[in-house]
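S.K.: Quick one: the structure is below, questions incoming.
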Amino acid sequence: MPLTHDFKETIRARAQRDPDFRQALLRGYVNATVGFQDLEKRTQIPAKSPMRMLGPKGSPSAANLSSILTALQKTEGVQFELSLRR
């Protein structure tokens with residue numbers, strides 16, 4: 001079943017206003033697609049590290065987050081967009 005426009009807009013709006021949700025969304029995306037073991041092979045970051053980084057109290061470094069996003073983009077054929085708010 002395709003996602004509705006309202007659902008996509010709801011997720012986008014929440015991700016824009018809630019940093020914790022963005023992290024949870026990314027963790028869920030990893031779990032639902034490549035998994036943390038495969039991500040470890042692609043990033044050379046031990047699997048438990050991204051699990052912690054993307055967890056509720058996690059704080060990934062820019063380098064690690066970049067490695068994770070790059071690996072996901074290559075593996076899944078998606079393009080993530082970064083929206084900077086001032």
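The values are calculated or read from the model by the stated rules, or taken from the named source; none is laboratory data. All of these numbers come straight from a predicted model, not from anything done at the bench. Cβ coordinates were reconstructed from backbone atoms using ideal geometry, including for glycine residues, and neighbour counts include every protein chain displayed. Just the protein is used for accessible areas: all its heavy atoms, side chains included, with ligands, DNA and RNA removed. Shrake-Rupley method; radii C 1.70, N 1.55, O 1.52, S 1.80 Å.
S.K.: Can you tell me the relative contact order of the chain? Whole percent, Cα pairs under 8 Å, sequence separation 6 or more.
M.R.: 23 percent
S.K.: Dipole of the chain, Cα-centred, from +1 at each Lys and Arg C-beta and -1 at each Asp and Glu C-beta, to the nearest 20 debye?
M.R.: 260 debye
S.K.: Would you mind telling me the share, in percent, of accessible area of the chain contributed by carbon and sulfur at probe 1.4 angstrom?
M.R.: Within the chain, the accessible surface is 53 percent carbon and sulfur.
S.K.: Sum -39500 (n - 2.57) across every DSSP H segment of at least 4 residues in the chain, then divide by the residue count to get the 222 nm mean residue ellipticity, nearest 500.
M.R.: Value at 222 nm, helices only, nearest 500: -20500 deg cm²/dmol.
S.K.: Within 10 Å of each candidate Cβ there may be at most 16 other Cβ atoms; applying that plus a DSSP loop requirement, which chymotrypsin sites (Phe, Trp or Tyr not before Pro) in segment 6-86 survive?
M.R.: Hits after loop and neighbour filter: Phe80.
S.K.: Could you name the lysines in cross-link range of Lys48, using Cα to Cα under 23 Å and dropping any fewer than eight places away on the same chain?
M.R.: Lys57, Lys74
S.K.: For the chain, modelled as a GNM with alpha-carbon contacts under 10 angstrom, which of Arg12, Arg52, Arg42 fluctuates the most?
M.R.: Most flexible of the set in this elastic network: Arg12.
S.K.: Next question, about the same structure. Per residue, how much accessible area does the chain have with a 1.4 Å probe, in Å²?
M.R.: 77 Å²
S.K.: Let me ask something else about it. I need the Debye-formula profile for the chain: one equal scatterer per C-alpha, no solvent, reported as log10 I(q)/I(0) at q = 0.19 1/Å, two decimals.
M.R.: Once normalised to I(0) and log-transformed, intensities are -0.92.
S.K.: Given springs between every Cα pair under 10 Å in a Gaussian network model of the chain, which of Ile68, Ile11, Ile45 has the largest fluctuation?
M.R.: Of the options given, Ile11 has the highest mean-square fluctuation.
S.K.: Let me ask something additional. Please list 3J(HN,Hα) in residue order for segment 49-63, calculated via the Karplus relation 6.51 cos²θ - 1.76 cosθ + 1.60 where θ = phi - 60°; whole Hz, with x for glycine and proline.
M.R.: With coefficients 6.51, -1.76 and 1.60, one gets 5, x, 4, 6, 4, 9, x, x, 9, x, 8, x, 6, 4, 5 Hz.
S.K.: Using only Cα atoms and rounding to the nearest 10 degrees, what angle (0 to 90) does helix 5-17 make with the longest principal axis of the chain?
M.R.: So the helix axis and the longest Cα principal axis differ by about 60 degrees.
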